[in-house]
1. For an R0 of 35 angstrom, estimate the FRET efficiency from the Cβ-Cβ distance between residue B:10 and residue A:9 and round to the nearest 0.05.
2. Could you compute Rg(Cα) / (2.2 N^0.38 Å) for segment B:404-521, with N its residue count?
3. Give me the one-decimal nm value for the distance between modelled label points at residue B:450 and residue B:512, 7 Å along each residue's Cα-to-Cβ direction.
4. Using square roots of five times the C-alpha gyration tensor eigenvalues, list the equivalent-ellipsoid semi-axes of the protein assembly as shown in whole Å, biggest first.
5. Which value does Rg/Rh take for segment B:256-330 over its C-alpha atoms, Rh per Kirkwood?
6. Where does helix B:179-192 land angle-wise versus the long Cα axis of chain B, in degrees 0 to 90, nearest 10?
7. Fewest first, what order do B:182, A:133, B:311, B:522 take by the number of other Cβ atoms within 10 Å?
8. So what's the back-of-envelope 222 nm ellipticity for chain A, counting only DSSP H runs of four-plus at -39500 (n - 2.57) apiece and dividing by all residues, rounded to 500?
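Computed from the coordinates by the stated procedures, all read-outs in this text should not be read as laboratory data. Quick caveat: nothing in here was measured; it's all calculated off a predicted structure. Don't worry about glycine lacking a Cβ; one is built from the backbone with ideal geometry, like all the others, and counts go over all protein chains shown.
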């Protein structure tokens, strides 16, 4: 995780989110992790909320091929074209951006550019970005097709790994969530259980 | 850095709402536990322009949303418990801002001023530091007497004795809450600071020579601590002898000194009817002010009948009166003619600046107490009044302020008789003549409201009767807040002081009294030390 690596390219973008295609099949970063894309104005940071592997051609369904094979890997060996016909995409919720040297935990003025590269983040970057938890409000209120609380849980568990005091970080994040979800105690309760 | 961290430790929270009359509400920080808070504690609030000094009057638990109370979070999980503390659920304090301490030089010179506004929204609230308390209550000096420490603090709370003696004051509290100890301390304070001379009507003989704690330990009385400044008068020398108390004067009161007003006040205790009490005035007119009692007590059957026929007094009234007056015969301190004038003796001592404690010995019932206290005080009052008038004419120096201490004050100062007793008058008007009262009572609701309102400083131990609490706090600002503080006092060694002699209401843990160290602190010298001091004084004198 401590190396910046180019993992994909933006293929769809809006102000609040973007979709990137992975260069390698099944090589998307985990749910909730922080990625960035570079732009002329600065870096845009986001949290991965959905990873999807599907056929490149929308009309062509993937079919089962391993009936007579022993191991799953053999499917790809026997059908080398498969890795060219399938693709892994991941969707990212924009969580903030850097302008010059300052971090902003709100949406950038422009969405990410199409074809801009997407990189994983270094530990130090994750630490710096999650020092303030203001970005949580962007995620808590996002309308996305996957359960948003799962994304928040995954993101905070992931971020807590890079902080020296994991527990203190989680308590701080929990308190932030408690303020945001003050009127929805049920949701807060279930979310807090996902932080451990 | 160490300073900063200690400041962070004492930070409690921020002001979120409130008003001057009800007090401000303070939302506690997550790091502060409500269980560490206590009503009566002092806090300092850093406003934008002023620093406020206030007292915690209530502690409450709040939730950010009512549904939390219906479906409580799973706090068996320490992580969840830690997260919701201070966020979803939090503690709240109600703080009554009482004083403002200005930051500039001028306001430091002026000292703390009563708060006339509240701190702005989200001002930081901290526990008051030792220094804050010192600024507010001052250090012990020639005017201030150390009476105790605030709860959970070691700083001294001082009472301005010079201000204290200017008005009548009250010490209240349920039986066994430490009124006597507090009073003893106050008497020592007045004596030590030379602010006034005291006359104590000591019903249970516990101030003069020695008293007892509830556990049965003996504690030294004023005479033992300050032998040269205290004189013990007694009504019952046999009791004093039995207790091995060296008394200075034995008080005797002549029948001729008892006036009809005295009997009028004893109407209840002597079981007299209204008519028979009135008859006393008639008898005094007929038989002479100085002779009536002796004459009536010595009347035989026939003479009595003749007298009532002449004065048109009903037979049953006469019998009722006679029965009542016969009660006075059991008081051996009442004699037909007193050899020496007790009032004169008391005044002589008081003039010399010697405090007088009058022990009642075995006569510790209300009849004797009311009779003697009232009778002596009336005479003394007359003398002081004359002196004050002479002083106005420029003849003499102003008299030394006198503080008369009375116990069971509701017997003298209840609504029914307070307008007739001398104590009612002293409480109302005698400040002008340098005489004030120190009223000790366990039933303040029995005291006339008019008298209560005139008390300058009130010191009250635990009270739990609603009416008593109400009457003590009448007219005090922040009454309902103080009420909650007052009813939560501990039964021992704790008291709430408010009024003239302190800048703001304060709950104190009363200063220690009864240990060898405490006597020393109060200025008591052991025999050997006393001898050494006297020798040194003599040397200085001749050198």
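1. Here the calculated transfer efficiency is 0.05.
2. Its radius of gyration relative to the 2.2 N^0.38 Å reference: 1.12.
3. Going by the 7 Å Cα→Cβ label model, 4.7 nm.
4. Square roots of five times the eigenvalues give 86, 27, 21 Å.
5. Radius of gyration over Kirkwood radius for segment B:256-330 works out to 0.91.
6. 80
7. B:311, A:133, B:522, B:182
8. -8500 deg cm²/dmol
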